[in-house]
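Every read-out reported here was derived from the displayed coordinates using simple, explicitly stated rules and does not represent laboratory data. Not measured: the values here are computed from a predicted model. Here the Cβ positions follow ideal geometry from the backbone for every residue, glycine too, while neighbour counts run over all protein chains shown.
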Amino acid sequence: MTNVFIFHGTGGYPEENWFPWLKRELEKLGCKVIVPKFPTPENQSLENWLEILNKSGQSMTEDTILVGHSLGGAFLLRVLEKYSVKFKAAFIVAAPIGALPIKNYESDKLFLGNFEFDWKKIKSHCRKFFIYHSDNDPYVSLGNGRELARNLGAKLIFIPNAGHFNKSAGYTTFEKLFEDIKKEIQ
């Protein structure tokens, strides 16, 4: 069985945006889907988020897929740095990695150690990467998606006028993401 972890971002929670819909759709396919509730914005730290993830009681295996939205996408990169598992795939949506402008740059950089990532280690711990970004994201500029794709040697999946891929941008479902994940679990 494929485990799928979905990570929300700053100020987020498991029942927002397209997360509940994606969880239901993936469970219909037989996946075990875990959407941890991370402390945010109060007590938001990499250590606290990793502790919550570790307490989820779910194992990270080579059949695990990671999905991260916004700061959850950057957190996903930290997970890939820290776990010595060759994950099946990583799906990263509108993630800040340090390319300005980023609306929450000051708080995000504290959480992420000034956006310095070990790209070699990250790439060695995951078989495939999918990066989604838009041109009118009010929180995280498109430059982040471009840099992420370049650093990971992956294709940027550009979706015009999708904003931050959240409810206010009309994203209570995310068909393209679901179709891409579905191909990886079958």
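Values for this structure:
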{"quantity": "Electrostatic dipole magnitude of the chain [Cβ: Lys, Arg +1; Asp, Glu -1; Cα centre; debye, to 20]", "calculated": "560"}
{"quantity": "Summed side-chain charge close to ALA154 - residues other than ALA154 whose Cβ falls under 10 Å, Lys, Arg +1, Asp, Glu -1", "calculated": "+4"}
{"quantity": "Karplus-derived HN-Hα couplings along the range 13-19 (A = 6.51, B = -1.76, C = 1.60, θ = phi - 60°), whole Hz, x at Gly and Pro", "calculated": "7, x, 9, 9, 6, 9, 4"}
{"quantity": "Inter-part distance where the range 85-119 and the range 128-186 are each reduced to a Cα centre, Å", "calculated": "14"}
{"quantity": "Segments 174-180, 110-116 sorted - mean Cβ within 10 Å per residue, highest first", "calculated": "174-180, 110-116"}
{"quantity": "Label-point separation in nm, GLU47 to GLU81, each point 7 Å along Cα→Cβ", "calculated": "1.5"}
{"quantity": "Segment LYS32-SER168, extension gain: residue separation times 0.36 nm, minus the distance between their alpha carbons", "calculated": "46.2 nm"}
{"quantity": "Helix-only [θ]222 nm of the chain, DSSP H runs n ≥ 4, -39500 (n - 2.57) each, per residue, nearest 500", "calculated": "-10500 deg cm²/dmol"}
{"quantity": "Computed FRET value (nearest 0.05) for ASN114 with GLU62, which takes r as the C-beta separation and R₀ as 35 Å", "calculated": "0.70"}
{"quantity": "Listed pairs LYS23/LYS176; LYS37/LYS88; LYS32/LYS123; LYS37/LYS120; LYS155/LYS176; LYS32/LYS183 exceeding 18 Å between Cα atoms", "calculated": "LYS37/LYS88; LYS32/LYS123; LYS37/LYS120"}
